Structures are given as C-alpha cells and as structure tokens.
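S.K.: What follows is a single structure, and I will ask about it in a moment.
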Amino acid sequence: FTDNNGIVSTTVTPSENLGFRKIVASTVGESGGSVNVLLKKELPILMSGVPIITVPADTINVFDGGETTINYKIADASNNPISEGHIVSVAVSGSVGSEIGLRGDQSFVTRDITDTSQTNYTLIIRDVAPLAGTGGTFAVTITVDGTTGRYAKTFYGTLYSPNNIVVPPSAREPAQIAFISSTATDLSVAGVGALENALLTYEVRDSLGVPIDRNKRTVATYSMQFFPNSFVGGGTAPKVIPTIDSTDDQGKLRVSVVSGTQSGNMQIVVRIQVGPNVITSQPVKITIHAGFPDQAHFTITPGRRSFLGHNLFNEIPFTVTVGDTFSNPVATGTAIYFHSQAGIIQTGSSNFGAYTNNSGRATVNLLTVNPTPSAAPYSYLPTGGPYAALINSRPGYHWVYAQTQGRNGKNVIDSVLVLQCISPITPTGIPAATVTLSPGGSSADIPITLKDGNGNPLPEGTVITVSLTYDAGIAFSVSGGLSNGASTTLSSGSLFPGAGTTDFTIRVNDLTSGGAPVNTSCTVTITVTTPATTGGTFLSRTMSFTARVQ
C-alpha cells in the first residue's frame, strides 16, 4: 500500500538464480474514462554472482626497459558484470617486485552496470628501473572483494636483464634522427648587436632508440629552406655551418645557423643515408627578424599633444615605436635618445625606458621644468604650413625629438610638436549684458573664445560643460559649438587655435510650448576644467550670463 506521499517500498532478496530478472509493480486504476484498468510497470534488474577474474596467460615476460599489456576480465559465472561496490586492487611481489611498475586499471571500485562489454580492463606492467638490475621473477595478484564474495588471481612474470636480450646486428644500425635542442629559435638580422646564431643538436639512434656509438659513426648532410620577407628584397640569406658532418662518439650531430641581413623564416633538415635508404629528421623552424631601425618605421607619440606645463610641473609620457625595414620590431634593447626644446626629458637605461622592449617600444617622461617654451620663435620650427607663423609668434609650442641609428650608422629621427599650456583659463565674448530672444525663438549667435594664458588652445582632455537654470514650466537650450546636456572634450587634434578648439559660436533657444512669457529668463553657466597635472593641479573656471525673453 502507498504511504502518505504515494510511495510504495519493497525489498528484493537475491536468489541463486543469476542473470537478468524483472520486478513488476501493478495496481488497478482509471485510464481514459474506464475504471478497473490494470496499471503495470516493469523494472529490469541483474542478479550477479561471485566475481571471477580471467587473464589471458599465467606467465608473462618483461624485457629491460620495456612493458607488457595485460587485458583481464572481471565477471560472474554467467559472464555478467558483478554488482557495484566491489573493491579491485593489484599488487606486485617477488625478487624484482620493486623494479615493476603498474599503469591502467589497478585500483578502482566497480560501478552499477549491466553492459557485459564493460567487464574488460587493462593493466600495463613495465620495468621502471632500466639498466639497473640483473633480472628475476615477480608475481602479480589481482583481488576483487565485495558483497558477493572475494576472489584473487595471481599470474607470474620474468624480468629479463639487458644481458638476456639478444639484439640482431641490424637493429643497431642508424634508424632515426632525433632533435635534441636549439640554443635559440629567434635570431636577429646580422649587425644589429643582438643574437645572430643558434646551435642545433641532434642525435642519431638505432631502431631500439639507443644512440649509436663510434662503431656506427655516420655522415649527415644539412639542408636549409629560407622563406624571406615577401615585400622587401635584397640582403643576404642565413647560412648553415657546416653543411656536412659526422656523428661523434655519442651519436650527436651539431650544426650552427648564422643569420644574414634578410628577415624571414627558415627550416633545417638533417639527412643520413644507410644503404639504399635515406633517413630524414623533422624540420626545425627558426625565425630571423629584428633588423636595423628604419626611418619609415620610426614613430614618436606623446601621451598628450597639449598639456599643462610651462609654469606648472607635469610629467608627460612619450613613446617611440621602432620597426625595421621588414616591418618587424627591432631587437629588444635598441637604444633610443630623446631630447626636447623645453623642459627635461629622460633618456638612457638607469630607471628609464629609453631602450626598446620586445614590441619595439620605448617610453620616457618629459618633465615640464626649465627651460620653459617662453620665447619664440625657435630656429628650426617649420617655415611652411598654415600654422607656421602662428606658432612662431607666441610661446608655448616646442618640439620633442627621438633618434637612433640605422644601417651603416644612418641617423633615424622623428619629432612631434607639442603645446605646453599656461594658466589662467582666459575666456572672451561671454556676454556682460543680458542676451534677449523672442518667445519661442533663438538669440543671435554669441561668439566666445576659451584660451590659455598665452592665447593658445587649452590642454587636450579639457572638458567644457554648459548648464541652464530656469523656472518650472518653461524650457531653454543652448546649441551651436557648445550645447547643454552633453560635455565637449578637446581632442588631440585641438593643438591649434580655431573653430571647435578655441572659438565657439552658441545661441540660446526658447523651447517652451507656445513660447515662454515675456520677462522670463534663464541663466547659462559654462564650466571649463582641464586635466590634472602629475602633482594633482588642474585649472577650472566657471562663467555665467543671462538670457531673457522679451
């Protein structure tokens, strides 16, 4: 009968009749409008018996340094899986038991399975101390212990020492070439002062994997395939030295790779000939890159192109990215020299980053101290271009340079024009009188300028915001070069004076439905904030004016 949860419990008592059986539960119920319908559910179960272990042979042989695989089976007398929870273990004993290791199914607990194909297991028996013993006998015992009984199966083995193994002379002939090591897989183009050569070591072995000795010394040839940079021609290819050699007393081969002046990938292959057969090694790949700094691949980039300085201490990072003529990063540690028309800029290696990393980059800081760019013009500012006269006529602008040496001592140099901004923030055009507009209309254009103390643009990253204050029930906006509801941030392109940098035209708009009543007004507030300096100083200024409907 069911309990309060509708569950019926029963106990099945195992019998001596092994194999698959069914448990049938039935009752009378209702189905599809009919009553007194027999409801029945069947559950198959497996009655398993005493475990039996079967192995393919009672004796095995293991040769020195070798291994043997044993496939064994655990099932009952009907060849069905035994019940779950039986503990299976494997033990080794005998005079050489300490030299025998086990892998595979050596310690586990049987699972609840009914599939007869899952009664097979694998055990790998191996010599774990090659060349260490004189051989002997051992025993392997597999034990199963659980609810249906305990069963143990022992089989025996012989471990043969090296002296007991007879190897035919043909097995000792050179049969394979193994790559052992390379002192480097990345080389630099010759002449840049970085790593230019690599030593590759190979080992010639017989069919048993044992290195050949002096009695089987063999001659090897080395070949190279070089795949140079596809877009930059010229230069010399790498070399392999020597191109032919013989094994030493330990079967070793050694060959050197020396880079040339061309970048690309190369593959080294070793070949030996044994009778009519040629034995070939797997190719070893080496990359040759990191040539001389190239003017077309030399770039200096400031952290900011305009920044607070001049009369405020700041530290501005400058990064140089250096590539070779093959468009690869130059060798790590390539020296870069920095200099500046104003301030002090770091260089060298003592706690500074004036040597390239593995990406070809070097970064240092410009310190905005004396000399400040307070005098103009500088003798080597460009004389052409739309801004030449402008930056020659006021202080603040100056150049920062980076340079290194390319092929044949050629000077590789790049420069960037930067602007050191000075306080205070200087606005012009902010209306002193009330700005007027008609109901539902817009004011006249209001030109304003925002500059630093030298009349130059404010620093990159300066944020300009416009906010409005007015009474409830009416609505105003500011549009044009600046607008309320969205801040304006000066970008790296804001280096020179002009529209969107120093010059802005705005207008005030009445957005009130039907127009705002006459004499209603709003207050327009413009706030300007510059990025902080290293020391935490920043410039900020707030300006306001009134717009009235009339």
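S.K.: Under the condition of being without any contact (Cβ under 8 Å) to a residue 40 or more places away in the chain and aliphatic (A, V, I, L, M), which residue from region 326-361 is farthest from ASP294 (Cα to Cα)?
M.R.: ILE344
S.K.: Looking at this structure, is ILE316 surrounded by 19 or more Cβ atoms within 10 Å (Cβ to Cβ), touching a Gly at 6+ places or on another chain (Cβ under 7 Å), within 24 Å of PHE538 (Cβ to Cβ) and among the hydrophobic types (A, V, I, L, M, F, W, C)?
M.R.: Criteria met by ILE316.
S.K.: Still on this model: Check ALA184, ALA171 and return the single one that is among the aliphatic types (A, V, I, L, M) and in a helix (DSSP H, G or I).
M.R.: Only one candidate qualifies: ALA171.
S.K.: So in region 520-536, with the set limited to residues that are out of contact with any strand residue (DSSP E or B) (no Cβ under 7 Å at 6 or more places or on another chain) and open to solvent by 50 Å² or more (accessible area, probe 1.4 Å), which one is farthest from SER438 (Cα to Cα)?
M.R.: GLY535
S.K.: Are there strands (runs of 3 or more DSSP E) fully within region 42-143 with at least 2 residues that are open to solvent by less than 30 Å² (accessible area, probe 1.4 Å) and either farther than 15 Å from GLY157 by Cβ or of a type in the set (D, E, K, R) (or both)? List them.
M.R.: Strands (runs of 3 or more DSSP E) meeting the threshold: 67-75.
S.K.: If a residue has to be part of a loop (DSSP other than H, G, I, E, B) and either without any contact (Cβ under 8 Å) to a residue 24 or more places away in the chain or of a type in the set (Ser, Thr, Tyr) (or both) to count, how many in region 485-520 make the cut?
M.R.: Count: 13.
S.K.: Which count do you get for residues in region 257-266 that are open to solvent by less than 40 Å² (accessible area, probe 1.4 Å) and either at positive phi or in a strand (DSSP E or B) (or both)?
M.R.: 3
S.K.: Shifting gears a bit: Residues being modelled with pLDDT of 95 or more and surrounded by fewer than 24 Cβ atoms within 10 Å (Cβ to Cβ): count how many of those fall in region 319-328.
M.R.: 3
The values are calculated or read from the model by the stated rules, or taken from the named source; none is laboratory data. Because the structure is a prediction, the values reported are computed rather than measured. Note that each Cβ is placed from the backbone with ideal geometry, even for glycine, and that neighbours are counted across all protein chains shown. We work out accessible area using only protein heavy atoms, side chains counted, and drop any ligands, DNA or RNA first. Shrake-Rupley method; radii C 1.70, N 1.55, O 1.52, S 1.80 Å.
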